[in-house]
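Structure first, commentary second.
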Amino acid sequence: MNTAEKLRSLSIDRSAPSGGGAGPWPLIAGVAVVAMLAMAGWMMFMRPAPAPAPAVAAADPAAGAAGSTVAGVAAAPRPRGGLVASGYVVARRAATVSVDITGRLTDVMFEEGAIVEKGQLLAQLDDEPARYDLQLRQAQVQSAKANVQALEAQMVEAENQRQRAERLMASEAVSRAALDQAVATIESLKARYDAARADVRVAEFAVERQADFVDRHKVRAPFAGVIIAKNAQAGEILSPAGGGGEFTRTGVATLVDMASLEVEVDVNEGQISDVRPGQNATIVLDAYPDWNIPAEVIAIIPTANRDRATIQVRVGFKERDPRVLPQMAAKVTFDRTEG
């Protein structure tokens, strides 16, 4: 090794860290900074958010705030009153339309939702055998009337015979017995004539009865209303009693008088003193929560439900509207009573 190389080996390399490096302190300082930042973020996340401002201001009853608005949104009017009860729309006049005889349906002449009038024909049972019997009864009437006409002719002839016998007896051409025979014949024909006329009345009564039986094969609406259910189809057996299981229908339709709709609610016993007949109320249907319907109390049912401690109250609509349907849920707000 020459002198120049020996001198270079003794020089100090300042690019390399001296003394084994700077030690662990920079790493510790970095970890501490990260921990402080995490703690600050956690404190900001757990801080409770401020309560939001109310969307609608409370209405002042004295100021009539029902029409006030907040942030451009109109407040919905609320019905006045204190006591609120829940119930359902019911029909006071509803019926399952059927017949009082058993027969097979041949035709059904309506669909659900149909508006029908009183006496309108809804369905037809098979009445062919009944119509044959009606024709038989009508023929019997004609036969009875023909018998009456024959007896009338015989009575005319018998009367002529009696008059002839009287003339002959006056001239002593015949005996008294001939006249008595003619009179007896007339009396017999009168008795038969009266019986024949009675037979005519009986036959006519049988015709009327059979005609009524034929008409009972027709299912008619007992009152005006709306069909809300179609319970049978053509080909099924219709009977006033369901003795045939699922193969026998007891009714062909369910008819409701929409003019008889009202609301039935249950009022707690402790609050029934706030309700009286004729009291004004407001009905709100769950289907139309923004529609306040004027109403009044029709009646308070004079009995209580001991299991529920309630009393049923009937509330009637002051206005009729086709949107009101049976079995709709409703809430009734009763106006406050004086005193």
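Every read-out reported here was derived from the displayed coordinates using simple, explicitly stated rules and does not represent laboratory data. As the structure is a computational prediction, the values presented were derived from the model and not from experiment. Note that each Cβ is placed from the backbone with ideal geometry, even for glycine, and that neighbours are counted across all protein chains shown.
Each residue of the stretch 311-321 is assigned a 3J(HN,Hα), and the resulting list reads 10, 7, 10, 9, 10, x, 7, 7, 10, 9, 8 Hz, derived from the Karplus form 6.51 cos²θ - 1.76 cosθ + 1.60 (θ = phi - 60°), x at Gly and Pro. With a Förster radius of 30 Å applied to the beta-carbon distance between Asp257 and Ala287, the computed FRET efficiency rounds to 0.90. Taking one quarter of the surface of the C-alpha convex hull of the stretch 128-215 gives a mean projected area of 5.6 nm².
Counting neighbouring beta carbons within 10 Å and listing from fewest to most, the residues Val256, Val263 come out as Val256, Val263. With a Förster radius of 30 Å applied to the beta-carbon distance between Glu319 and Arg93, the computed FRET efficiency rounds to 0.95. Computed on the stretch 128-215, with alpha-carbon pairs under 8 angstrom and 6+ residues apart, the relative contact order is 53 percent.
As a proxy for reagent exposure, ranking Tyr288, Tyr132 by other Cβ atoms within 10 Å from fewest up yields Tyr132, Tyr288. Scanning residues 5 or more positions from Ala114 or on other chains, those with amide H under 5 Å from its amide H are Ile227, with H placed 1.01 Å from N in the peptide plane. When you filter the trypsin sites (Lys or Arg not before Pro) in the stretch 276-339 for DSSP loop state and at most 13 other Cβ atoms inside 10 Å of their Cβ, you are left with Arg306, Arg308, Lys318, Arg320, Arg323, Arg336. Excluding same-chain neighbours fewer than eight residues apart, the lysines reachable from Lys230 by a Cα-Cα span under 26 Å are Lys118, Lys218.
Estimated at 0.36 nm per residue, the fully extended path between Ala229 and Glu111 surpasses their Cα-Cα distance by 41.7 nm.
Evaluated with a Cβ-only charge set (Lys, Arg +1; Asp, Glu -1), the stretch 128-215 carries a dipole of roughly 240 debye about its Cα centre, given to the nearest 20.
Could you calculate the FRET efficiency of Gln135 with Glu208 from 1/(1 + (r/R0)^6), where r is the beta carbon distance between them and R0 is 25 Å, rounded to 0.05? So, using R0 = 25 Å, E works out to roughly 0.95.
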